[in-house]
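Beneath this line is the structure, given in structure tokens, with notes to follow.
The values are calculated or read from the model by the stated rules, or taken from the named source; none is laboratory data. As the structure is a computational prediction, the values presented were derived from the model and not from experiment. Cβ coordinates were reconstructed from backbone atoms using ideal geometry, including for glycine residues, and neighbour counts include every protein chain displayed. For accessibility, only protein heavy atoms count, side chains too; no ligands or nucleic acids. Shrake-Rupley method; radii C 1.70, N 1.55, O 1.52, S 1.80 Å.
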Number of protein chains: 4
Amino acid sequence: MSAPTDEVLRFEPDAEGDPTALAYTFGGFAPLVSVRPGTVVSTWTMDCFAGRVRTTSDLVSQVCDPRFLNPQTGPFFVEGAQPGDTLAVHFRSIAPREARGVSTTVPLFGSLTATHLTAMLHDPLPERTWVYEIDRAAGLVRYDALDSAYQVDLPLDPMHGTVGVAPALGEVRSSLAPGDWGGNMDTPEMRAGTTCYLGVNVEGAMFSLGDGHARQGEGETCGVAVECAMDTELVIDLIKGGPPTAWPRLESDDYLMTTGSARPLEDAFRIAHTEMVGWVRELTGLSAMDAYQLVSQTALTPVANVVDTTYTVVAKVAKQYLRGATAMSGTHERLRRR
Amino acid sequence: MSAPTDEVLRFEPDAEGDPTALAYTFGGFAPLVSVRPGTVVSTWTMDCFAGRVRTTSDLVSQVCDPRFLNPQTGPFFVEGAQPGDTLAVHFRSIAPREARGVSTTVPLFGSLTATHLTAMLHDPLPERTWVYEIDRAAGLVRYDALDSAYQVDLPLDPMHGTVGVAPALGEVRSSLAPGDWGGNMDTPEMRAGTTCYLGVNVEGAMFSLGDGHARQGEGETCGVAVECAMDTELVIDLIKGGPPTAWPRLESDDYLMTTGSARPLEDAFRIAHTEMVGWVRELTGLSAMDAYQLVSQTALTPVANVVDTTYTVVAKVAKQYLRGATAMSGTHERLRRR
Amino acid sequence: MSAPTDEVLRFEPDAEGDPTALAYTFGGFAPLVSVRPGTVVSTWTMDCFAGRVRTTSDLVSQVCDPRFLNPQTGPFFVEGAQPGDTLAVHFRSIAPREARGVSTTVPLFGSLTATHLTAMLHDPLPERTWVYEIDRAAGLVRYDALDSAYQVDLPLDPMHGTVGVAPALGEVRSSLAPGDWGGNMDTPEMRAGTTCYLGVNVEGAMFSLGDGHARQGEGETCGVAVECAMDTELVIDLIKGGPPTAWPRLESDDYLMTTGSARPLEDAFRIAHTEMVGWVRELTGLSAMDAYQLVSQTALTPVANVVDTTYTVVAKVAKQYLRGATAMSGTHERLRRR
Amino acid sequence: MSAPTDEVLRFEPDAEGDPTALAYTFGGFAPLVSVRPGTVVSTWTMDCFAGRVRTTSDLVSQVCDPRFLNPQTGPFFVEGAQPGDTLAVHFRSIAPREARGVSTTVPLFGSLTATHLTAMLHDPLPERTWVYEIDRAAGLVRYDALDSAYQVDLPLDPMHGTVGVAPALGEVRSSLAPGDWGGNMDTPEMRAGTTCYLGVNVEGAMFSLGDGHARQGEGETCGVAVECAMDTELVIDLIKGGPPTAWPRLESDDYLMTTGSARPLEDAFRIAHTEMVGWVRELTGLSAMDAYQLVSQTALTPVANVVDTTYTVVAKVAKQYLRGATAMSGTHERLRRR
């Protein structure tokens, strides 16, 4: 655990420059800034299309280069972070930068279509783009159908789809992929008020984030949420030592959450629930079978994504069932209060 | 749609008699009672162990015969039901019959263990039985650890794990299996206040139900919920004709829900979400791609079970996003008011 | 093991009568004939379309009733067969009855298309029918393209896609489904010269067979092989007691084979290989880990089907690596010599 | 296509030096040598344990560092190779360097055990090491059981488990992972006499190879083959332009082969078969549906691995069914003759 600092760091991604200078991978990129644990960072992120999809006539396959999708803000070098430590990232606020978001279909991408991995002989589904008006004051996102006059307001619920660190084993992974390093998990649980815990694999952790969503459904069915650039304030902290964090975890005021990212989807479930059984054991002193039983009766299990290179499942257990157990040395509570 | 009737039918399963006389399958069983559509039925269901697991020393593999697990109350012959119709079952109340429930592990069954299908060389996990005190007045279920002094109260949230009709194609399916006929879906959404819609495959539908849970986590991680006998009041109604109901659907006051039961788990997701896209299309007049988009941004996707012969996923969309669309000719609203 | 008899039984399926009188399920059907173990049976089977697809303009969705697909010859009641015994079925000959076979695509069926379980928003692939000329004397099957002049001769390799007994737990399963009772496994290994072992679940076993293929690729990619009616001679024998046969096994002169039928496909693999490790252990006295190792270096693993309600994988180990071990009390060798 | 050259290049991996200097990834590594297309390369590869497992008492978890598993020989920079080109690698000979190979179990790795992705609550299976005597003259590999006196000779069938190029999208992937760049596919088809085709993603292709197996079963059930250092002679050639090679393909004198690496295993099947349908189309001029049909009746589908980070399936079609079609501009035939 690190002592809090008074630093507030403003970090501007180089959105105007050469797109090849931005980070499109976790790992494989020199850090752009170094932060001391406990630092409050104020920054912003580009949308997953790097702003190239603006109107309903902008189709991803025509305006985007597949090599430059999902740009990340970062990486941040976290001082003192060593393999085996746990990075804690608390989201203080996540707010759309503009009064507009976009969603699209993308050929051979999504959960209800043949894809490059679930390969079939079908032609791709039609490629379309939807533009959502975002009313930040009212907290609303307006769905506007393309083929009929249907409109409906949905609650604004901003989150980051992609949050992660450099992977282990010297790997460099596309920002489109989720895994044990975090990455493109696409869970709506990654909202303001939540702390995300990530196991550190390399010196400095190399944290980055992106892929802001004004809102998304669980599973991100068509593969694309209401994508928008985000103004985000977060606290980056470090938990030295302790049990290793094998897979990303989240903590809100009410819930502990584990994640698993794998295919098939039941393996993502198995990872998230095995992680939760282990965490409950650690926090309560219950035996393995007793923890398995408690998780079996209390876990919520929202699907996160069924569209990315691996699929993500979240397991949630209400803290109230853990009788006052304190996770991660109280990091969430401490960062929450700042 | 059928006219409501004033009948209230009390139906007693033959729990004292020969266990081989009870229904352990969907299909393959002569109906025990005939009901007119609109009938209110008051009945009860045995727990999935037919009451044979009573104390922490009762192990399933010792006290239960695998041929007689998960007894169903029914089948009910629904007058006038023909293949292609939709059965509507509205749960008015579901209440534990006793102040006690049980949960267990079962060798080679559950989501975090090798099973007969996910076959491996591991020995089974330990077989254990937990007994839960149920406080119906307070609405609580007490978890009591076996290997330490840990106790915690959980909210009572009664539901039926198994609800279904006779399958198509002349099949007879074990009450342990979920599928397009319903069956052992094990979703906590099957609670009082909810209407379940089931496609009719044979004359009379042959509806039955069982497998009461005082509560369960999403996914039913260890394979067994807080199992208990249930006193249940339900309305059995019939929707003649209309679009066929290919997979079970649910409706609560706030949500429309679709289900899919398949392996791998992503296929359960795909079924539930494809069904939801189709339902939203039908109810709103949106185009297929517009409905796909709306579902992508609004669906909740809780996992139901990752332990049965196939896995079940639920997709939920809030009715408020469908601008007043009325599903199934207003059946839920009508049955709700009775 | 039963003593061989001199009986040769000719059994004629009632192909001219009411299609509803034929068996389209495993289980749920009264036996049509009773056989003593060791009986040689001479019979024939209809093709999976019950002969309704005859020309390239016969489309399955137009000429077939989905309730009456894949008719089976049987069931045969095997005298003395009790649950826990093993049925042995040795195929002496399998020969196309006609000089013609057919293959088709079927909407939303096959491995490279969206299906009812791998549900998606695509339209079905085109529905087509191919007719194959079969030259029984030359042992050839002629592929004739529909959209160009391409023709090529393929080796005739007749087999039965569907071979099974009544399932356990009182289930009745469609003849389109494969599982631990056998059924629609669709493996090209089920050819003449092979013995198939099936665990008996009900008194009399209730064996039936059908779905002749003049040949098929491994995986049955489009879901349909070169389908044809078959003249088949088989020996039906019974192995009393002994280790239960949990999943269908096959034996040829050179190989022992196990099968698994499940989704996802890796579970089918896991079943087949776990079964093989157990069988090798039993036959050689090797420890579990030694048998795991030997199977790891010697197994062949052809995919059987990736199109049916569950997928089937076969594991094969050459008998020569088992140092003279004799499986199933030498049943294959004994039946082979008759 | 490139003109053949007379170069024969001897390349020695730096096996004596710092293990951190060897390549354990595809991508992310500076090339060690540059080759002109058409070059014959004579080299050798370390075994997957970098020689650290020598006796039955050497356990992987004790003698190996997980960061330094599966060292690769390379990368080779192929002159003129540009993204979109296809690398052709023809294996002239693959021979064990020593008269001994090893196999092991590895905790939480393999197909019949819980793993880090198929996460469960089981303890790992026992960790064991087997040593195989290799008789190169007789072409035999001797299996020697650990727990009993059982020995049996198996045919020597040398192959490379890991063959690949740098991935696309700037990714760097562990040599333990298979994918569209090749990598750890673990197919026994990668034997001498075979040509492997790999799509080029980066300038120079950055080809490397390793993971020699004296033999392996299909599926590599326990996760480890008969591992040994290999002396290998190969021809590295380049096919400029042409249809992109999305997934690795192989060609032998008799077969065309496609591969898919994904989870679940049916997605690996779908990739391999979709690729084969496309390849057959391209080579024969058949329509998509006609090619789908021909592949359905002719493909062999051996499983390659069900143990790595993704699983690999191979689809094989005999060239004789393609009526003299010539793949990849006759590259295999040309390299075969050198």
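Residue-by-condition table, conditions (1) surrounded by 19 or more Cβ atoms within 10 Å (Cβ to Cβ); (2) in contact with a helix residue (DSSP H, G or I) (Cβ under 7 Å, 6 or more places away or on another chain); (3) closer than 30 Å to A:ALA315 by Cα:
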position: D:SER57; (1), (2), (3): no, no, no
position: D:ARG67; (1), (2), (3): no, no, yes
position: D:LEU87; (1), (2), (3): yes, no, no
position: D:THR115; (1), (2), (3): yes, no, yes
position: D:THR118; (1), (2), (3): yes, yes, yes
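Out of everything in the stretch C:64-112 that is in contact with a Cys (Cβ under 9 Å, 6 or more places away or on another chain) and of a type in the set (Phe, Trp, Tyr), what residue ends up being farthest from the other protein chains (Cβ to nearest Cβ)?
C:PHE91
In the stretch C:215-233, how many residues are open to solvent by less than 20 Å² (accessible area, probe 1.4 Å), out of contact with any helix residue (DSSP H, G or I) (no Cβ under 9 Å at 6 or more places or on another chain) and assigned to a strand (DSSP E or B)? Explain how you work it out, then say what you get.
Here is the first cut: in the stretch C:215-233, the ones open to solvent by less than 20 Å² (accessible area, probe 1.4 Å) are C:216-217, C:219-230, C:232.
With out of contact with any helix residue (DSSP H, G or I) (no Cβ under 9 Å at 6 or more places or on another chain) added as a condition, the list becomes C:227-230, C:232.
Those left that are additionally assigned to a strand (DSSP E or B): C:227, C:230, C:232.
Going through the stretch C:215-233 one residue at a time, the tally reaches 3.
List every residue pair whose Cβ atoms sit under 8 Å apart, with the two residues 6 or more apart in sequence or on different chains, where the first one lies in the stretch D:217-229 and is modelled with pLDDT of 95 or more and the second, anywhere, is of a type in the set (Lys, Arg) and in a loop (DSSP other than H, G, I, E, B).
D:ALA225/D:ARG215; D:VAL226/D:ARG215; D:CYS228/D:ARG97; D:ALA229/D:ARG97
Restricting attention to the stretch D:237-250, which residues are assigned to a strand (DSSP E or B) and either surrounded by fewer than 24 Cβ atoms within 10 Å (Cβ to Cβ) or more than 16 Å from the chain's Cα centre (by Cα) (or both)? So that I can check it myself, show each step before the final result.
Within the stretch D:237-250, the subset assigned to a strand (DSSP E or B) is D:237-239, D:249-250.
The answer is D:ASP237, D:LEU238, D:ILE239.
How many residues are buried (at least 24 other Cβ atoms within 10 Å of the Cβ) and either of a type in the set (S, T, N, Q) or not in a strand (DSSP E or B) (or both) if we restrict to the stretch D:202-214?
Keep residues of the stretch D:202-214 that are buried (at least 24 other Cβ atoms within 10 Å of the Cβ), which gives D:205-214.
With the extra rule that they be either of a type in the set (S, T, N, Q) or not in a strand (DSSP E or B) (or both), the set shrinks to D:205-206, D:208, D:214.
Here the count works out to 4.
Looking at this structure, is B:LEU283 open to solvent by 10 Å² or more (accessible area, probe 1.4 Å), farther than 30 Å from A:GLY212 by Cβ, of a type in the set (A, V, I, L, M) and not assigned by TED's automatic domain parsing to the domain that holds B:VAL224? Let's see the steps before the verdict.
Numbers: open to solvent by 10 Å² or more (accessible area, probe 1.4 Å): yes; farther than 30 Å from A:GLY212 by Cβ: yes; of a type in the set (A, V, I, L, M): yes; not assigned by TED's automatic domain parsing to the domain that holds B:VAL224: yes.
Yes; evaluated as a whole, the condition is true for this residue.
Six or more apart or on different chains, Cβ atoms under 7 Å: show the pairs whose first residue is in the stretch D:173-187 and touching a residue at least 12 places away in the same chain (Cβ under 8 Å) and whose second is among the aromatic types (Phe, Trp, Tyr).
D:ARG173/D:PHE26; D:ARG173/D:TRP181; D:SER174/D:TYR24; D:SER175/D:TYR24; D:SER175/D:PHE26; D:ASP180/D:TRP247; D:TRP181/D:PHE26; D:GLY183/D:PHE26
I'm told B:THR194 meets every condition in (1) farther than 30 Å from B:ARG67 by Cβ; (2) out of contact with any Phe, Trp or Tyr (no Cβ under 8 Å at 6 or more places or on another chain); (3) crowded, with 22+ Cβ neighbours inside 10 Å except one. Can you identify the failing condition by its number?
Unmet condition: (2).
Of all residues in the stretch C:319-335 being in contact with a strand residue (DSSP E or B) (Cβ under 7 Å, 6 or more places away or on another chain) and more than 9 Å from chain D (Cβ to nearest Cβ), which is surrounded by the fewest Cβ atoms within 10 Å (Cβ to Cβ)? Spell out the reasoning first.
Here is the first cut: in the stretch C:319-335, the ones in contact with a strand residue (DSSP E or B) (Cβ under 7 Å, 6 or more places away or on another chain) are C:319, C:321, C:323, C:327-329, C:331-332, C:335.
Remaining after also requiring more than 9 Å from chain D (Cβ to nearest Cβ): C:319, C:327-329, C:331-332, C:335.
On the way: C:LYS319: 18, C:ALA327: 18, C:MET328: 24, C:SER329: 14, C:THR331: 22, C:HIS332: 25, C:LEU335: 23.
Step by step, filter the stretch C:319-335, then rank; the result is C:SER329.
A quick yes/no check of all residues on (1) closer than 18 Å to D:PRO264 by Cα; (2) part of a helix (DSSP H, G or I); (3) within 8 Å of another protein chain (Cβ to nearest Cβ):
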| residue | (1), (2), (3) |
| --- | --- |
| A:GLU266 | yes, yes, yes |
| A:HIS273 | no, yes, yes |
| A:GLY278 | no, yes, no |
| A:LEU283 | no, yes, no |
| A:ALA291 | no, yes, no |
| A:GLN297 | no, yes, yes |
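Mind listing whichever residues of the stretch C:89-102 are open to solvent by less than 10 Å² (accessible area, probe 1.4 Å) and either part of a loop (DSSP other than H, G, I, E, B) or among the hydrophobic types (A, V, I, L, M, F, W, C) (or both)?
Residues of the stretch C:89-102 that are open to solvent by less than 10 Å² (accessible area, probe 1.4 Å), as a first pass: C:89-91, C:96, C:101-102.
Answer for the stretch C:89-102, where residues must be open to solvent by less than 10 Å² (accessible area, probe 1.4 Å) and either part of a loop (DSSP other than H, G, I, E, B) or among the hydrophobic types (A, V, I, L, M, F, W, C) (or both): C:VAL89, C:PHE91, C:VAL102.
Residue-by-condition table, conditions (1) in the same structural domain as D:GLY212 (by TED's automatic domain parsing); (2) more than 30 Å from C:MET276 (Cα to Cα); (3) over 20 Å from the mean Cα position of the chain (by Cα); (4) among the polar types (S, T, N, Q):
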{"residue": "D:MET46", "(1), (2), (3), (4)": "yes, yes, no, no"}
{"residue": "D:THR55", "(1), (2), (3), (4)": "yes, no, yes, yes"}
{"residue": "D:LEU59", "(1), (2), (3), (4)": "yes, no, yes, no"}
{"residue": "D:GLY74", "(1), (2), (3), (4)": "yes, yes, no, no"}
{"residue": "D:LEU87", "(1), (2), (3), (4)": "yes, yes, no, no"}
{"residue": "D:PHE91", "(1), (2), (3), (4)": "yes, yes, no, no"}
{"residue": "D:LEU108", "(1), (2), (3), (4)": "yes, no, yes, no"}
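For the stretch C:113-148, which positions are assigned to a strand (DSSP E or B) and either small (Gly, Ala, Ser) or at the interface with chain D (Cβ under 9 Å from one of its Cβ atoms) (or both)? Give the steps one after another, and end with the answer.
The initial filter retains those residues of the stretch C:113-148 that are assigned to a strand (DSSP E or B), namely C:129-135, C:140-144.
If the condition is that a residue be assigned to a strand (DSSP E or B) and either small (Gly, Ala, Ser) or at the interface with chain D (Cβ under 9 Å from one of its Cβ atoms) (or both), then C:TRP130, C:TYR132, C:VAL141, C:TYR143 are the ones that fit.
What tally of residues in the stretch D:9-27 results from selecting those that are assigned to a loop (DSSP other than H, G, I, E, B) and more than 19 Å from the chain's Cα centre (by Cα)? Before you say what the answer is, go through the steps one by one.
Applying the first criterion (assigned to a loop (DSSP other than H, G, I, E, B)) to the stretch D:9-27 yields D:12-18, D:22, D:24, D:27.
Of the ones still in play, those that are also more than 19 Å from the chain's Cα centre (by Cα) are D:12, D:14-18.
Qualifying residue count, the stretch D:9-27: 6.
For the stretch C:263-297, what are the residues that are aliphatic (A, V, I, L, M) and under 24 Å from the mean Cα position of the chain (by Cα)?
Within the stretch C:263-297, C:LEU265, C:ALA268, C:ILE271, C:ALA272, C:MET276, C:VAL277, C:VAL280, C:VAL295 qualify.
Might you check whether a residue that is part of a helix (DSSP H, G or I) and either more than 20 Å from A:MET185 (Cβ to Cβ) or without any contact (Cβ under 8 Å) to a residue 24 or more places away in the chain (or both) occurs anywhere in the stretch A:76-84?
Here is the first cut: in the stretch A:76-84, the residues part of a helix (DSSP H, G or I) are none.
No, that holds for no residue.
Output the residues belonging to the stretch D:299-314 that are open to solvent by less than 10 Å² (accessible area, probe 1.4 Å) and either facing chain C (nearest Cβ under 8 Å) or assigned to a helix (DSSP H, G or I) (or both).
D:ALA299, D:THR301, D:VAL303, D:VAL306, D:TYR311, D:VAL313
Being within 18 Å of the chain's Cα centre (by Cα) and in contact (Cβ under 8 Å) with a residue 24 or more places away in the chain: is that true of C:ASP308 here? Even if it seems obvious, please write down each step before you answer.
Values: within 18 Å of the chain's Cα centre (by Cα): yes; in contact (Cβ under 8 Å) with a residue 24 or more places away in the chain: yes.
Judged against the criteria, C:ASP308 is a match.
Which one is farthest from A:ARG323 (Cα to Cα) among residues in the stretch B:153-177 that are open to solvent by 10 Å² or more (accessible area, probe 1.4 Å) and within 11 Å of chain A (Cβ to nearest Cβ)?
That would be B:ASP157.
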